[in-house]
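Notes to accompany the following structure.
Derivation of every value follows stated rules applied to the coordinates shown; laboratory data play no part. The model shown is predicted, which means the values in this text are computed figures rather than measured ones. FYI the Cβ positions are ideal-geometry reconstructions off the backbone, even for glycines, and counts take in every protein chain you see.
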Amino acid sequence: MVKKTFLVLICFISLTIFISTLHGQGSKKTITLPSGEVVWDLNGEWDTFVENFSRNASVGNYPQINKITQTGSSFVSIRMIDDPYNLKGSQSLQG
C-alpha cells in the first residue's frame, strides 16, 4: 500500500512540474510595441476561406491564401492566388 501511495505522489509531483513548465513558457508569436503593449505576430501566409453573403452571395465561397505583413501596430494583407473578382497581389485587408 505504501508503494502505491508513493508512486501516486511521485506521479502527481511530476505532473505539477510538467504543467508549470508549460504554463511559464508563454507565447512565442507576440510583438511588443514601443508603447509596451503586447500584440500577436500576424506575419506570414495564412490559409483563409472566403464566404460571400448578401449582395455578393452569387460569387460563392472559395479558398484564398493571404500574406500578412505587420509593421508595428498596423498590418496589410495581400492575396496570393486569384479569386473571382480580384487579382493575385492585390490588397485584401488593412488594419
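Annotations for the structure displayed:
- Chain lengthening between ARG55 and GLU37 when straightened (0.36 nm per residue, less Cα-Cα): 2.6 nm
- Each Lys or Arg adds one and each Asp or Glu takes one away; over the other residues whose Cβ falls under 12 Å from the Cβ of VAL59, this sums to -1.
- Intensity falloff of region 29-94 expressed as log10 I(q)/I(0), Debye formula with alpha-carbon point scatterers, at q = 0.26 Å⁻¹: -1.09
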